[in-house]
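The values are calculated or read from the model by the stated rules, or taken from the named source; none is laboratory data. Just so it is clear, the model here is predicted, and its values are computed rather than measured. All Cβ positions, even for glycine, are placed from backbone atoms using ideal geometry, and neighbour counts span all protein chains on display.
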Amino acid sequence: MNVMNRNRRQLTVLDLLGRSGDTRTRTPRGARTHESKPDVQDRTNGSDRSVQAWTNGSDRSVHVHTLATKDVSVLYGDHRALQGASLAFDAGTVTALIGPSGCGKSTYLRSLNLMNREVPGCTVEGSILYHGQEVNDGSVDSFALRRHVGMVFQQPNPFRMSIYDNVAFAPKRHGVKGKQDLDELVEKSLRDAALWDEVKDKLATSALALSGGQQQRLCIARAMALRPDVLLMDEPCSALDPIATLAIEDTVRSLAAQGICVAMVTHNMQQAARVSDKCAFFYLGELVETAPTQGFFDNPRDPRTQDYLSGRVG
Ligand SMILES: Nc1ncnc2c1ncn2[C@@H]1O[C@H](COP(=O)(O)OP(=O)(O)OP(=O)(O)O)[C@@H](O)[C@H]1O
Ligand SMILES: [Mg+2]
């Protein structure tokens, strides 16, 4: 049963982690950083137009976020699904995007790697900055951006091919040719996704023979094969059992420890409390509140967040 329905009172972060707190160790952050700005200017004029950092609140330091949005609105035809969302994402952190069904979480997540461009009738307004560079002005090739901003979906969707080929597929298309280079990349990516030990002796077998949790980690490995510095995850555990879910959560923390910037949609409040550094609450197409995870659960500011966390709405 969902914790929201079970507890009709305000939840604290300790409730969500279990009264005694989480016994699992959170992976330390920052083992790898991504200081350099990846090249996403395949079709740009090469100008670096923005170094302004944006957040939802008053923080306007000179720090350039890995990814940031300012006043992003998304329309499907005339329907405004998201209104004016401003949020920043940094290397080595996990941001949980939460809120009731239909509030615009997936819509927002898809705007971050320009996937809404492929949705007929969809318009994305506002500013999306990748390492300070505007990418929502038509100047950036969305496929080039997606090399750096990978995505994992709700349902594991491995290709109908071997485990090895699933991971090697995108790097091959992007020009990695040598067998040794590919072997190393496949191993590294499968290790990133905490799947290597389970599959290293059967790389040639079909990916479809893996369990659901293994398939989802394979999809993470597939995304990591392009060495992205941002990973977007849309409810990556919703089709998984609790053990597979914990394996994914550990993987997410270890990616963050390597310096990857993770944005993850989840309906699972315990998961948000366990895995994220920061939470962003969406409600009826609005980004209502953003806060560090502990403060978010222990002391939400907005009445709508309080109502959602206490189970009164949603
Ligand atoms: N391709 C689309 N065409 C038209 N409307 C859409 C499309 N995708 C989403 N919407 C609408 O946009 C709004 C936000 O949808 P979205 O999928 O982003 O919500 P969500 O918060 O991810 O919900 P859930 O938790 O159920 O996944 C909803 O009203 C939805 O019907
Ligand atoms: Mg969704």
Revision key, fill the gap. With criteria (1) under 25 Å from LEU114 (Cβ atoms); (2) modelled with pLDDT under 95; (3) within 16 Å of ligand 1 (Cβ to nearest atom), ARG227 comes up short on (3)
Review point. (1) touching a helix residue (DSSP H, G or I) at 6+ places or on another chain (Cβ under 7 Å); (2) under 30 Å from PRO300 (Cβ atoms); (3) of a type in the set (A, V, I, L, M, F, W, C): which one isn't true of ALA88, the others all being true?
Key: (1)
Exercise for review: Answer yes or no as to whether SER211 is closer than 28 Å to MET269 by Cα, surrounded by fewer than 22 Cβ atoms within 10 Å (Cβ to Cβ) and among the hydroxyl-bearing types (Ser, Thr, Tyr).
Suggested key: yes
Point to revise | Test: residue in the stretch 242-253 that is within 19 Å of THR66 (Cα to Cα) and either among the small types (Gly, Ala, Ser) or touching a residue at least 40 places away in the same chain (Cβ under 8 Å) (or both) | key: yes
Review point. Which condition does ALA247 not pass, out of (1) modelled with pLDDT of 95 or more; (2) small (Gly, Ala, Ser); (3) more than 24 Å from SER111 (Cα to Cα), if it passes all the others?
Key: (1)
Study note, to complete from the structure: Within the stretch 239-260, the count of residues that are surrounded by 24 or more Cβ atoms within 10 Å (Cβ to Cβ) and either part of a strand (DSSP E or B) or small (Gly, Ala, Ser) (or both) comes to 1
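Restricting to the stretch 69-100, count the residues that are part of a strand (DSSP E or B) and either among the polar types (S, T, N, Q) or within 28 Å of GLN270 (Cβ to Cβ) (or both).
Initial filter on the stretch 69-100 (part of a strand (DSSP E or B)): 69-76, 79-89, 94-98.
Adding the requirement that they be either among the polar types (S, T, N, Q) or within 28 Å of GLN270 (Cβ to Cβ) (or both) leaves 69, 73, 81-83, 85-89, 94-98.
Qualifying residue count for the region: 15.
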Practice item. Determine whether the stretch 223-238 contains at least one residue that is among the β-branched types (Val, Ile, Thr), within 16 Å of ligand 2 (Cβ to nearest atom), part of a strand (DSSP E or B) and touching a residue at least 24 places away in the same chain (Cβ under 8 Å). Key: no
Review point. Just for helices (runs of 4 or more DSSP H) wholly inside the stretch 101-204: which have at least 1 residues that are under 30 Å from VAL313 (Cβ atoms) and touching a residue at least 60 places away in the same chain (Cβ under 8 Å)?
Key: 105-112
Check your understanding: What are the residues in the stretch 289-312 that are surrounded by 15 or more Cβ atoms within 10 Å (Cβ to Cβ) and part of a loop (DSSP other than H, G, I, E, B), if any?
Key -> PRO300, SER310, GLY311
Check your understanding: Restricting the search to the stretch 68-94, which residues are away from ligand 1 (no atom under 14 Å from the Cβ), touching a residue at least 40 places away in the same chain (Cβ under 8 Å) and crowded, with 17+ Cβ neighbours inside 10 Å?
Key -> ALA68, THR69, LYS70, SER86, LEU87, PHE89, ASP90, ALA91, GLY92, THR93, VAL94
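Being of a type in the set (Asp, Glu), crowded, with 18+ Cβ neighbours inside 10 Å and within 16 Å of ligand 1 (Cβ to nearest atom): is that true of ASP234 here? It would help to see each step written out before you state the result.
Working: of a type in the set (Asp, Glu): yes; crowded, with 18+ Cβ neighbours inside 10 Å: yes; within 16 Å of ligand 1 (Cβ to nearest atom): yes.
Yes.
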Practice item. List every residue pair whose Cβ atoms lie under 7 Å apart, where the two residues are 6 or more positions apart in sequence or sit on different chains, the first residue falls within the stretch 205-222 and is modelled with pLDDT of 95 or more, and the second residue, located anywhere, is aromatic (Phe, Trp, Tyr). Key: ALA207/PHE159
Practice item. Collect the residues in the stretch 94-125 that are more than 15 Å from ligand 2 (Cβ to nearest atom) and within 27 Å of ASP307 (Cβ to Cβ), keeping them in residue-number order. Key: VAL94, THR95
Review point. Could you list, in sequence order, the residues of the stretch 101-120 that are within 7 Å of ligand 1 (Cβ to nearest atom) and more than 12 Å from the chain's Cα centre (by Cα)?
Key: SER101, GLY102, CYS103, GLY104, THR107, VAL119
